[in-house]
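The values are calculated or read from the model by the stated rules, or taken from the named source; none is laboratory data. This is a predicted model, so every value here is computed, not measured. Here the Cβ is made from the backbone with ideal geometry for all residues, glycine too, and neighbour counts use every protein chain on show. The accessibility values were calculated without ligands, DNA or RNA, using every heavy atom of the protein model including side chains. Shrake-Rupley method; radii C 1.70, N 1.55, O 1.52, S 1.80 Å.
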Amino acid sequence: QGTFDVRDGFTARNLRADLDRLDLAVLSVLHPELRMRGQVSGRVEARGSMERSDKFAADIHHYLSGFTSSSNGDGVYDADAGLDLRLNARPLSFQELASAYPALERLRGDARGPIRLYGALDDLQVDAELHTAAGLAKVKGRLQQTDGGPRYSGDAEISAFQLDQLIAELPATMLSRT
């Protein structure tokens, strides 16, 4: 329901869409810099324009490389200020995330909890409080897309974190860092 117009960028007016395995490659053809992959199912609501400002909310399931991540949340995309997205991971699959960020490929399992992504689409700041099988990790970092590929950096506050629960090859390993 509503209007979704792709003639001059992405514009939505009171759009409510129920998605069933929408291939995100379709959106990447229209806006290559988004570099979106995988498929999504769920509900999306939006109003505004990707060329100016867009407000949106979603409850979605993302499928990529045989793994699924689910989240709900809302946000604003502003052409000048970038993205401000608040979501709740229910869960976020580390294996799926590794498909986009290969340095994470050794991580197993998933994470649940609040995540905030904000800034330019190719240089996102990340604040998250993630509950994992290893314990709680409070994360502050960056996700960047450059011509050389994805880059990421960050810090995590952990206590009695059982790293071997996320990386199967490790012997029993407990870490604490603030």
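Number of residues in the range 33-58 that are closer than 21 Å to Gly109 by Cα, without any contact (Cβ under 8 Å) to a residue 40 or more places away in the chain and open to solvent by 50 Å² or more (accessible area, probe 1.4 Å) equals 1. Report yes if some residue within the range 143-151 is farther than 24 Å from Glu45 by Cα, in contact (Cβ under 8 Å) with a residue 12 or more places away in the chain and touching an Asp or Glu at 6+ places or on another chain (Cβ under 7 Å); otherwise report no. Checking the range 143-151: at least one residue is farther than 24 Å from Glu45 by Cα, in contact (Cβ under 8 Å) with a residue 12 or more places away in the chain and touching an Asp or Glu at 6+ places or on another chain (Cβ under 7 Å). Taking the numbered list (1) under 30 Å from Ala160 (Cβ atoms); (2) in contact (Cβ under 8 Å) with a residue 40 or more places away in the chain; (3) under 14 Å from the mean Cα position of the chain (by Cα) in turn, Ala111 passes all entries but (2). Among the residues of the range 112-131, those identified as open to solvent by less than 60 Å² (accessible area, probe 1.4 Å), out of contact with any Gly (no Cβ under 6 Å at 6 or more places or on another chain) and not charged (D, E, K, R) are Gly113, Ile115, Leu117, Leu124, Ala128. Does Arg177 fit the bill of being without any contact (Cβ under 8 Å) to a residue 40 or more places away in the chain, within 27 Å of Glu45 (Cα to Cα), of a type outside the set (Phe, Trp, Tyr) and open to solvent by 40 Å² or more (accessible area, probe 1.4 Å)? Judged against the criteria, Arg177 is not a match. Candidates in the range 38-56 are the residues that are part of a strand (DSSP E or B) and touching a Gly at 6+ places or on another chain (Cβ under 7 Å); of these, the one that is farthest from Asp78 (Cα to Cα) is Phe56.
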